[in-house]
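The next block holds one structure in the form of structure tokens; read it before the comments.
The values are calculated or read from the model by the stated rules, or taken from the named source; none is laboratory data. Since we're looking at a predicted model, the values are computed, not measured. As a convention, Cβ positions derive from the backbone with ideal geometry for all residues, glycine included, and neighbour counts pool all protein chains shown. Keep in mind that these areas ignore ligands, DNA and RNA; they rest on the heavy atoms of the full protein, side chains included. Shrake-Rupley method; radii C 1.70, N 1.55, O 1.52, S 1.80 Å.
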Amino acid sequence: MKHIALLGSTGSIGTQTLDVASHYPDDFQVVGLAAGSNIKKLEEQIRCFKPKMAAVWDKDKAKQLKENVSDMDIQILDGMEGLCAVAAMEEADITLTAVVGMIGIRPTIAAIQAGKDIALANKETLVTAGHIIMPLAREKGVRILPVDSEHSAIFQSLNGEDRGSIHKILLTASGGPFRGRKRKDLESIQVEDALKHPNWVMGHKITIDSATMVNKGLEVMEARWLFDVEPERIQVVVHPESVIHSMVEFEDTAVIGQLGTPDMRLPIQYALFYPDRKPLIGGARLDLFALASLHFEKPDLETFTGLKLAYEAMAQGGSMTTVFNAANERAVAKFLDRKIRFLDIPEIIGESMAVHTPVASPSVEEILSVEKTTYEFIESRW
């Protein structure tokens, strides 16, 4: 039996992870849960899975949760200390980190230092601190198992292959709800429009990131660290059907990809069971005859400038990727609060990058300082 500590348990990835675990009670035991502030859902999860420890980011909410579950034998913690404690708890074999944002860096480091395998659904950790995370994982003999559908597809495509023979990674993108539109078509986009993803059901932040294609830029940054491939050898391919989840082209011209229906439980389950495969309970099988055809397009970097800025951030390197990520986080939050326009999101990212002088190999403290400075710059302007 594998024991799981789950960070971000009340979000989209977290709830789907628990769905997988509920179908395999003889294979998985959830020993730790952590969430931001949704204590109603977290209490339901605690009563269902009976973990030994839970953490809530919000201190007052944690106090309330402790009172709500006082009839149970469980330790309730709060804040970053609580998040790190759940991530590194002794009983866990694997820590699945599905929290949103750079808040995931310290808990991921804590889990690695405690020798836990990492099922990674928090892309910001590698985007901003990949130069810290990957060497530490190698030092501790810890596996980083990707949960994002694209990175899981690449990981699966590389099974049994020599990573030194990679010619190119082909990272697929659905194109989001605004594929094929031009900038002038996006001037009046509202929050409700941007949240209508054509293929995937995800949280609000990642859905907006998909609409701007910033998400694909973040995934390129993540792939660079996961698979030790230079950014210029990671090509984004718009594939509107979201059936091929990503591919690898090798030196001998062979291309290997992973196909499947758009269901996030598949990469979650693959990471948890790795290297084994088990039936995906309730999962739809891919019907190629019904599908009939697949389509591929080049991304429009002039309309979706967020992706273009991502490559620029990688080219400058160091802390510039932190600026890109932090600026996007704050801009998306403002858009969701209806304080800025949709097209302001990449504008804010670009202006934040323009005023920053990158630090070559930032420490965790420097990364968090850059995040804070970026937030302050944005608040002073928008």
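Tabulated results
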| item | result |
| --- | --- |
| Per residue value of the accessible surface for the range 15-87 (all protein chains in place, 1.4 Å probe), Å² | 51 |
| Within straight-line cross-link reach of Lys140, aspartates and glutamates at Cα separation under 19 Å, skipping those fewer than 8 residues along the same chain | Glu90, Glu91, Asp93, Asp117, Asp228 |
| Taking the chain and dividing mean pair separation by its residue count, relative contact order in percent (alpha carbons under 8 Å, at least six apart) | 14 |
| Relative contact order (%) - the range 51-172, alpha-carbon pairs under 8 angstrom, separation at least six | 18 |
| Qualifying trypsin sites (Lys or Arg not before Pro) for the range 219-311 [loop in DSSP, other Cβ within 10 Å: at most 12] | Arg277, Arg285 |
| Within the accessible area of the range 1-110 (1.4 Å probe), percent carbon and sulfur | 48 |
| Extension gain from His204 to Glu312, taking 0.36 nm per residue of separation minus the Cα-Cα distance | 36.3 nm |
| Dipole in debye (nearest 20) - the chain, about Cα centre, beta carbon charges: Lys, Arg +1; Asp, Glu -1 | 540 |
| Share, in percent, of DSSP beta bridges within the chain that are antiparallel, nearest 5 | 25 |
| Relative packing of peptides 363-371, 177-185 - highest average C-beta neighbours within 10 Å first | 363-371, 177-185 |
| Gain upon complete extension [Trp382, Asp162; 0.36 nm per residue less C-alpha separation] | 74.4 nm |
| Over 26 Å (Cα to Cα) - which of Lys59/Lys196; Lys63/Lys123; Lys182/Lys334; Lys123/Lys184 fall in this group | Lys59/Lys196; Lys63/Lys123; Lys123/Lys184 |
| Amide H partners (placed H, <5 Å) of His167, local residues excluded | Glu249, Phe250, Glu251 |
| The range 329-382, dipole about Cα centre (Lys/Arg Cβ +1, Asp/Glu Cβ -1), debye to the nearest 20 | 280 |
| Point-charge dipole on Cβ atoms (K/R +1, D/E -1) for the range 75-226, about Cα centre, debye to 20 | 680 |
| Spacing of the two label points (7 Å from each Cα toward its C-beta) at Gln235 and Asp71, in nm | 6.0 |
| Loop GluC sites (Glu not before Pro), the range 131-171, which have at most 16 other Cβ atoms in a 10 Å radius of their Cβ (DSSP) | Glu161 |
| Two-decimal log10 I(q)/I(0) for the range 1-143, as the Debye equation yields it once each C-alpha is a single scatterer, q = 0.16 Å⁻¹ | -0.75 |
| Summed side-chain charge close to Glu302 - residues other than Glu302 whose Cβ falls under 9 Å, Lys, Arg +1, Asp, Glu -1 | +2 |
| Extension gain, Asp193 back to Lys40 (0.36 nm per residue minus Cα-Cα distance, nm) | 52.2 nm |
